[in-house]
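Everything below concerns the one structure shown next.
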Amino acid sequence: MNSVINLKEKAKLFSDHWSPKVVAELNDYQFKLAKLEGEFEWHKHDDTDEAFLVQAGQLVIELFDRKVILHAGELFVVPKGVMHKPVAETECTVLIIEPKGVINTGEVNERTAENDIWI
């Protein structure tokens with residue numbers, strides 16, 4: 001892929017929450033656009049860090065010892081193995097950067113999103 005990706009335009013193409021959509025790949029990493037609203041669940045990724053870049057709105061990432069508040073244009077990396085819970089009081093749009101094949105819930109359960117859905 002060698003074309004410009006407009007994240008605002010891509011975000012207009014879907015409305016479901018907590019279901020990341022792949023917009024690009026870089027080596028073994030995927031850039032996933034997602035709309036978030038409400039609370040997710042506590043989880044961790046044992047083998048990889050996970051980056052959240054807020055595109056619109058506000059995202060709170062709860063950690064056991066603190067809350068990280070992110071606004072549009074801000075980035076936070078959750079280190080591998082760290083329990084975290086994303087929370088969005090109102091809808092926000094984020095770009096998630098992580099290796100291909102990462103399970104969004106850490107372990108498969110009823111809230112696990114399907115991987116490799118491109119938009």
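The values are calculated or read from the model by the stated rules, or taken from the named source; none is laboratory data. Here the structure is a predicted model, which is why all the values come from computation and not from measurement. In this analysis, Cβ positions are derived from the backbone assuming ideal geometry, glycine residues included, and neighbour counts consider all displayed protein chains.
Within segment 50-69, take every residue that is surrounded by 15 or more Cβ atoms within 10 Å (Cβ to Cβ) and acidic (Asp, Glu) and give me the one that is farthest from residue 94 (Cα to Cα). Filtering first and then ranking leaves 62. Is it the case, given these coordinates, that residue 73 is surrounded by fewer than 12 Cβ atoms within 10 Å (Cβ to Cβ), out of contact with any Gly (no Cβ under 7 Å at 6 or more places or on another chain) and modelled with pLDDT under 95? The answer is no for residue 73. Among the residues examined, residue 94 does not qualify as over 15 Å from residue 21 (Cβ atoms) and at pLDDT 95 or above.
For segment 1-41, filtering for residues that are without any contact (Cβ under 8 Å) to a residue 12 or more places away in the chain and under 15 Å from residue 98 (Cβ atoms) leaves 2. Under the condition of being in a loop (DSSP other than H, G, I, E, B), out of contact with any Lys or Arg (no Cβ under 7 Å at 6 or more places or on another chain), touching a residue at least 12 places away in the same chain (Cβ under 8 Å) and on the phi < 0 side of the Ramachandran plot, the residues counted in segment 89-108 number 5.
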